[in-house]
Amino acid sequence: MSRSLGRGRPLAVVLCVLALLLLGPSAPGGTLVARPALPPGAPTAVVEGRVMTWNLCNPCGGPELAVGRAAHIAAYAPQVIGFQEACARDVERIRAHLERLYGLRYHVAYGPVLRNWGRCGGLPWRAGGFGQAILSAQPMTRRGSVEYPDGGSEDRGYLAVTTEVGGRRVRVFDTHLAQRSQAPVRAGQVRFLAAAVSRYAHAIVLGDFNAVPGSSELRPMWKVARNAAPECGPSPTTDCATTTDWHSTFDYVFLRGIAARGHGVHPSRYSDHDAVHADLGPALRTAPGSVRGAEGDPAS
C-alpha cells in the first residue's frame, strides 16, 4: 500500500508536482528544463512597442544554449526580435522555451540564406536553414526573404515582414551584412537594402551590419533612417555603445518615420554579440520619397 497525503493522494504524485514546479515545463524534446531566474523588475508580459536585434553567434555551442538565450530575451520581453546567424532549429527551441518557461508567445518567420550541415547540423542531405529569423508577438504578413546580389564570402540577405509594433502596422527588416573585411561588398548591400527601406513610410531595420557608424558603406542607411540611439550617429565625435566582444559597434536598430523613446545594449554570455533593444515612440512625418505604407498601400 502506498503512503498518501490528504484525500488519499499518493506521495509520488505530490513529489512529481513539486519537481515540475522546481524545474519548470519540459523542453521541446520532452525533457524537464530548469527555468533560469530573471532579474528583478523583469516584465511579465511582452512590452508593447519594444524591438530587439541579436546576432546569436554560430557555431557557438549546442542546443543547450537555447534556454539561456530565451532567458536573456525574456528579461526584456520585446514585441519583435530579429535574429542573425540563426539556425531554424535553434530559433524554434528558443521560441518554445519563451512560451513554456516564461509565457511569452511569438509567431516566427524564417529567412534562410544557406542550408548548411556544418552550421546547423542535421543530416548532410537535410541540413538546417541558416540566416535570419524574426519573432513577433503579433501575426506577420507579406513575408519576404531576399538574398543580396553579392553576399561576399558567404551568402547574406534580409528578411522583411509586416506586423504590428506599438499599435501601428510597420515594415520590419532583419539583415546581416558581409564580413568585416569586405567593406566594398557591404557598400553594395547597404545600397540594396536602403532602396527597399525607402519605399516605406514607417520601417524598422534590425541587424548586424558588420560596420561601425562612421563607415562610408553605411551612408545610404543614414540617409533613409535614424539610429534608435540618438547619441550614436555617423559622426566620429558621437558616443556609441559597443555591441560585440571585440568592442565594436556593429548592431543597430534603425527607425524610419518612427521616433525612439528609449534603448539599451545588453551583453550576454550566450553570444559574441550583445542584444540591442529600442522602445518606439510616436510616428514622425512621412519620410521624403516614401511611396508605400506598411502593407504596400500609398504612404499617408
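Summary table below
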quantity	calculated
Top-ranked residue of the stretch 171-213 - restricted to ones that are part of a loop (DSSP other than H, G, I, E, B) and among the hydroxyl-bearing types (S, T, Y), ranked as modelled with the highest pLDDT	S198
Identity of the residue in the stretch 102-115, surrounded by 21 or more Cβ atoms within 10 Å (Cβ to Cβ), at pLDDT 95 or above and over 14 Å from the mean Cα position of the chain (by Cα), that ends up nearest to E164 (Cα to Cα)	L104
Matching residues, the stretch 79-95, being within 22 Å of T244 (Cβ to Cβ) and either open to solvent by 20 Å² or more (accessible area, probe 1.4 Å) or in a strand (DSSP E or B) (or both)	V80, I81, G82, F83, Q84, E85, A86, C87, D90
All positions within the stretch 45-73 that are over 26 Å from R115 (Cβ atoms), open to solvent by less than 40 Å² (accessible area, probe 1.4 Å), of a type in the set (A, V, I, L, M) and in contact with a strand residue (DSSP E or B) (Cβ under 7 Å, 6 or more places away or on another chain)	V47, V51, M52
Some residue of the stretch 128-142 being of a type outside the set (F, W, Y), without any contact (Cβ under 8 Å) to a residue 12 or more places away in the chain, over 22 Å from D251 (Cα atoms) and outside any helix (DSSP H, G or I)	no
Those residues of the stretch 51-68 which are within 11 Å of the chain's Cα centre (by Cα) and not in a loop (DSSP other than H, G, I, E, B), in sequence order	V51, M52, T53, W54, N55
Sole exception among (1) of a type in the set (G, A, S); (2) modelled with pLDDT under 95; (3) closer than 16 Å to G207 by Cα for G129, by number	(3)
Among residues of the stretch 89-101, those that are under 13 Å from the mean Cα position of the chain (by Cα) and of a type in the set (A, V, I, L, M), counted	2
Residues (on the phi > 0 side of the Ramachandran plot and open to solvent by less than 10 Å² (accessible area, probe 1.4 Å)) located in the stretch 203-212	G207
Filter result for Y200 (within 30 Å of P63 (Cβ to Cβ), among the hydroxyl-bearing types (S, T, Y) and buried (at least 18 other Cβ atoms within 10 Å of the Cβ))	no
Residue among Y76, Y158 that is closer than 18 Å to G207 by Cβ, assigned to a strand (DSSP E or B) and open to solvent by 10 Å² or more (accessible area, probe 1.4 Å)	Y158
Residue among G118, G128 that is under 24 Å from F209 (Cα atoms), small (G, A, S) and surrounded by 17 or more Cβ atoms within 10 Å (Cβ to Cβ)	G128
Within the stretch 219-228, considering residues that are assigned to a helix (DSSP H, G or I) and not charged (D, E, K, R), the one surrounded by the fewest Cβ atoms within 10 Å (Cβ to Cβ)	W222
Single match in S216, S248, S290, S271 (criterion: open to solvent by less than 40 Å² (accessible area, probe 1.4 Å), over 23 Å from R50 (Cα atoms), among the small types (G, A, S) and at pLDDT 95 or above)	S248
Flag for P149 being open to solvent by 10 Å² or more (accessible area, probe 1.4 Å), more than 18 Å from the chain's Cα centre (by Cα) and in contact (Cβ under 8 Å) with a residue 24 or more places away in the chain	yes
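The values are calculated or read from the model by the stated rules, or taken from the named source; none is laboratory data. Please read all numbers here as calculations on a predicted model, not as lab measurements. Counting neighbours? That spans all protein chains shown, and the Cβs are built from the backbone with ideal geometry, glycine included. Remember, those area values only see protein heavy atoms, side chains included, never the ligands or the DNA or RNA. Shrake-Rupley method; radii C 1.70, N 1.55, O 1.52, S 1.80 Å.
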